[in-house]
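To start, the structure under review is shown below, and the notes come after it.
Any read-out appearing in this document is the output of simple, stated calculations on the displayed coordinates, not a laboratory observation. Bear in mind that the values here come from a model prediction, so they are computed numbers and not experimental data. Please note: Cβ atoms are built from the backbone with ideal geometry, for glycine as well, and neighbour counts cover all protein chains shown.
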Amino acid sequence: MEARAGDLLIGKGHPVSVQTMYDSALSSSDPEKTVSVISRLHALGCDIIRFSFVSPDDAAPFSYIAKHSPIPVVADIHFDYKMALLAIESGAHKIRINPGNIGAKWKTEEIVKAAKENGRAIRIGLNSGSLPPHEESEDTPSVMVRTALEYLDWFQSWSFDNTVVSLKSSDTDETMQSARLLAAVSDVPQHIGVTEAGSPVISAVRSAWALGNLLKEGIGDTIRISMTGDIEDEVIAGAELLRTLGLRKRGVRIISCPRCGRHAFDTISFEKRIRTRLLSLDKDISVAIMGCLVNGPGEARGADFAITGMKDKVYLYRKGVLIGQVSEEDAEEALFEAIEDE
């Protein structure tokens, strides 16, 4: 099975896509500025973005964003089926609902009917904290899968299959087990992620463990690394996970050393300063940022481009060949000029 959200194809045989969720209310947003932010996120590796859609006031800004965004936009709906219908009317490429909190079954049917008529995708999103009543003896992954299959049966009875399912928990084991159980009985595309995963470092570790294992098993068609932090970091972490697993080739691979007592160059502040600019380049290259004599020259030989600090000087390498010596103040522009001249 596959799903289509705008121009994005989701499912087996298609690249795994990176998703994030916008962190401000639509009703108070500047739509033009929001599109600019989305464009920056797209350059960093974001393929699809979700918005909370909670009131009729959201329709106008959402419509503008959906029309001008470089990537598909998703409306996140809870409780009110009329908001889902309005989001579809406003141009959502995909909507995310939990039929369990939409209310009567006929309300979900109305949403599905509108999505079908307008060619929009639906994600059935279930979290461990919002499941229907069940026996205490029934484990959470089994409940989530059973519930998702019930909703899929509804959708199929209404001749709708442009569907993605997500089964999330803040517990990594529950997240992995739920995704595995669903994959064993259905080939519906899955969006995977650890929900409420915590601050950036904690989230990155938990998510890399759970999502990395699932993706290595061939489970997962879109991902979100959910963080209590900057959405740029969510995108960077997601894209880097895919690159690390060999599932994404485009984008810069950054190699940088931790600063130690031998450092002659502040790699920490330099890498932080240029990270977003580097990762926004649509180039399949590696860039090493090294701080001393121990590993610096060796890493410089192995990278496409490298900056190495030694004895108060900064040395610039291209494919292991020294091409310049610059001051620390000029190192950033010298590096990017070398990359652009490639």
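Tabulated data
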read-out	value
Dipole magnitude (debye, nearest 20) for the chain, charges at Cβ of Lys, Arg, Asp, Glu	600
Gyration tensor verdict on region 1-113 (Cα atoms; rounded if a/c is under 1.5, prolate if a/b is larger than b/c, oblate otherwise)	oblate
GNM top mover of ASP153, ASP76, ASP139 - the chain, alpha-carbon springs below 10 Å	ASP139
LEU247 versus GLU138: modelled label distance in nm, points set 7 Å from Cα along the beta carbon direction	2.9
Alpha carbon centroid spacing (whole Å) that separates region 1-76 from region 118-169	22
Restraint check, LYS168/LYS319; LYS105/LYS249; LYS107/LYS168; LYS12/LYS107; LYS94/LYS283, Cα-Cα greater than 32 Å	LYS168/LYS319; LYS105/LYS249
Assigned charges on the beta-carbon of Lys, Arg, Asp, Glu; region 80-182 dipole about Cα centre (debye)	560
Most mobile of ARG273, ARG40, ARG120 in a GNM of the chain (Cα contacts under 10 Å)	ARG273
Student exercise, region 168-313 dipole from Lys, Arg, Asp, Glu Cβ charges, in Debye to nearest 20	700
Among TRP209, PRO61, GLY324 - extreme Cα towards positive end, dipole of the chain, charges at beta-carbon	GLY324
DSSP-defined antiparallel bridges as percent of all bridges, the chain, nearest 5	30
Helical mean residue ellipticity (222 nm; -39500 (n - 2.57) per DSSP H run of 4+; nearest 500) of the chain	-13000 deg cm²/dmol
Extended-chain gain in nm, criterion 0.36 nm per residue less alpha-carbon gap, SER186 and SER199	1.4 nm
Protection-proxy order for peptides 279-288, 88-97, each taking the mean of Cβ atoms within 10 Å per residue, highest first	88-97, 279-288
Calculated SAXS-style log₁₀ I(q)/I(0) at q = 0.06, 0.07, 0.13, 0.16 Å⁻¹ - the chain, Debye, Cα scatterers	-0.26, -0.34, -0.97, -1.29
Neighbourhood charge, 13 Å Cβ-Cβ cut-off, centred on GLN19 and excluding it, Lys, Arg +1 and Asp, Glu -1	+2
FRET efficiency, 1/(1 + (r/R0)^6) with R0 41 Å, evaluated for LEU322 and LEU9 via beta carbons	0.35
Model label zone, ARG40; criterion: amide N under 20 Å from point 7 Å along Cα-to-beta-carbon; scope region 209-236	225-236
Most fluctuating residue given options LEU245, LEU41, LEU86, as computed from a GNM of the chain linking Cα atoms under 10 Å	LEU245
Top positive-direction residue, dipole computed over the chain with Cβ charges, set LEU26, ILE285, VAL252	ILE285
ARG146/SER269 FRET efficiency (R0 41 Å; Cβ-Cβ; nearest 0.05)	0.20
Rounded FRET efficiency, nearest 0.05, which uses the C-beta distance separating GLU32 from MET1 and R0 of 30 Å	0.25
Estimated distance in nm for a label pair at GLU333 and ALA104, the labels positioned 7 Å out from Cα along Cα-to-Cβ	6.8
Span-rule helices in the chain, defined as complete DSSP H runs reaching 18 Å or more along the axis (Cα) with Kyte mean at least 0.5	200-216
Selection from LEU167, MET310, ILE77, by position along the positive dipole direction of the chain (Cβ)	MET310
THR276-PHE79 pseudo-label distance in nm [points 7 Å out on the Cα-to-Cβ vector]	3.4
